[in-house]
Amino acid sequence: MNAPAILPANMAELPEVIERARCLFDQGDVQQALKLSSIAYDEAKAAARTGERVKASRAMIEKARRMQADALKIETICTIAMADAVDEAQAKGALLRGRPDKEKVQDADHFSLNDVGIDKRRLHEARQLRDAARADPGFVERIVETRIAEGLEPSRAALKKAAGHAIGTKTASDEERGLDLYETPVEAMHTLLALESFGLAVLEPSVGKGAILRPLEAAGYEVAIADFEDRGITTQYGEVQAVGDFLASVRAGDGFDIVTNPPYGIANAYIAHALREHQPRKMAMLLNLNFLAGFEDPDRCFAMDECPPSRIYVFTRRLPMMHRDGREGNKASSQMNTAWFIWERNEDGSYGGGFPQMIRVDWAKFQQAEPLAPGAGGCISPLVFAEPEEDFSRKTPRKTLDERVSEELARALIFAAEREEGFDTVTLRRGIGVRDSVAVALIEDMAAGELIARLDDAQWRITDKGLTALAATAAVLAGRKISHIVELEGE
C-alpha cells in the first residue's frame, strides 16, 4: 500500500500532516495513520536537531519538538492498536506463521505480520508500550510531556526505555503514586550531613517514614516533623508528626532550617512556598537534576532565578533507586540523576547572590564520614586529598578555638568599627570569612572585654573601649612593620 499523498515538504506543513494522521486513526485507518505519523515524527526530529546544530532560536527548536511529541503520541497509539490486533488474530488462529498456503492467502480473515507492516522486534516493543499504557492509562502522555517540560527530546527511545522501566517514578499513575512517598536513600543523607551543617532546630515537612528524620537525629539535630498523611511517626522524644498540606502551612517563628525530599509531583510549588512563606535561614532539597532546567513554571523560575540556591551537590554516581512505598514485584535500577540543592538566606532576606556553586560528589566516599556539628551552620569543601607517602607523615595541626579568636580579633574589631548600623553573628562570619563557631566566640570575647555592646537582642556595635583597643592594635601592628623594615635594611 502506498504512503498517503500529503508529505511534509517543510515545517509549515507538519501540523497539517499530524492532524491528518490523527483523523485517520479516528476513522479506523490505523495503518495509514501509523505511516503518516511516523513520517511527521522523523521530519520534526530532523528539524529540531538541525535547529540545535545551527543554533536556531529556542522558539523554533521548541516548536519542532512539540510537533515531534504530537506525532510520537499518535504513532504510539497506532502501534499499540496494531499490537492488540495481532494478539487478537493470534488468539483466533488468524495470524499466519511462516510461508502461508494459497488457500489462507486468499482468505481475508488471515494475515501475516508483513501485511500490517510490523516485524517481531517492533511487535515486542509495541506490546511493552501497550502493557505500560494498560497499567497506567496516562503513561504515554505523561512521559512525552515530561520530556518536553524538562527540555529533553520526546524520542521513541526514551518512550521505549520508560516502558521497560514502568515501575520508575515517571511511569507511575496518579493512583499508584498515591502521596508520592519515595523514601530517601540513607546514602544521600550521609553525604549531606558530612558537607553541610544546619541550625540545631530543623523542620522535615514531608517526613514519610523517617528516612531523613532518623539520620538528622543521629547527627544531633532536634527535628520537627509533618506530612500530608498521618503515618504515626514520632521523633526520638516522642513528639508526634503534624498532619497537613505543606502548601497551606504558615511560618511559625524564625528558628527552623528545612531539610526534605519534596513530593515530585508538586516540587515546584512546594519549594517556592518554602522560600516565600517560611523563609528558612538554610534549606536542603533532594531534587531531580533536571530542576536546573525549565522556564515556563513560575514557581520554578522563582526558586531558581529570583531566589537561587547557593550550592548544588550533584551526585556523580546515581543514588540507589527510590522505589515507591508499598511497591511489590521487581525493582528497577536508578534512572534518575539527583542533587542536593542548598538555599541560604542573606542578611537582607534574599537568597543567592550569584551563580550557584556546582559541586560534584560521589556518595560512596561519604558513607563513613562523620557529620558536621549541628547548630554551627556553614559547609566544608568535599575535596578529599590522598594520604601522603609513608616517608612524609607530618600533618598540619588543627588550631584551637582560642587561637583562632586571638588571630581574628583585630579583623573583627575593624569590621565592627565599619558597621555603623550594627552587626550580628551571621554578618560577622561572612564579613571576615570565618566559621560560625569562631564568629560566636569572637562576639563573646569582645562582649566580655566590653569592646562591643548590644544595640538590640540580635545586633552589636563597637564601643569607645573597642575603638581604643583597635587603635592600640593598629599601632602595635605598625610598630612591628617598621621594626621589620629596619631589620631588612640592616641586613
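What FRET efficiency comes out for the pair E229/A293, r = Cβ-Cβ distance, R0 = 25 Å, nearest 0.05?
Approximately 0.25, to the nearest 0.05.
Given K45/K160; K160/K365; K73/K209; K161/K209, which pairs have Cα atoms separated by over 27 Å?
Violating the 27 Å limit, Cα to Cα: K160/K365; K73/K209; K161/K209.
Please give the net charge around H278, taking every other residue with its beta carbon less than 11 angstrom from that of H278, where Lys and Arg add +1 and Asp and Glu add -1. Write out the running numbers ahead of the final one.
Working: positive: R251, R276, R281, R345; negative: D254, D257, E277.
Summing Lys/Arg as +1 and Asp/Glu as -1 gives +1.
Among 291-299, 65-73, how do they line up from the highest to the lowest mean number of other beta-carbon atoms within 10 Å?
Ranking, from highest mean packing down: 65-73, 291-299.
Work through the residues other than R454 whose Cβ is under 12 Å from its Cβ and net out their charges, Lys, Arg +1 and Asp, Glu -1.
Here the count lands on -3.
Report the GluC sites (Glu not before Pro) located in the stretch 215-269 that are in a DSSP loop and have at most 16 other Cβ atoms inside 10 Å of their Cβ, or state none.
Taking the stretch 215-269 and a limit of 16 other Cβ atoms within 10 Å, the loop GluC sites (Glu not before Pro) found are E229, E239.
A short reminder: the numbers here are calculations on the coordinates, not readings from a lab. Here the structure is a predicted model, which is why all the values come from computation and not from measurement. Positions of Cβ are generated from backbone atoms using ideal geometry, with glycine treated the same way; all protein chains shown enter the neighbour counts.
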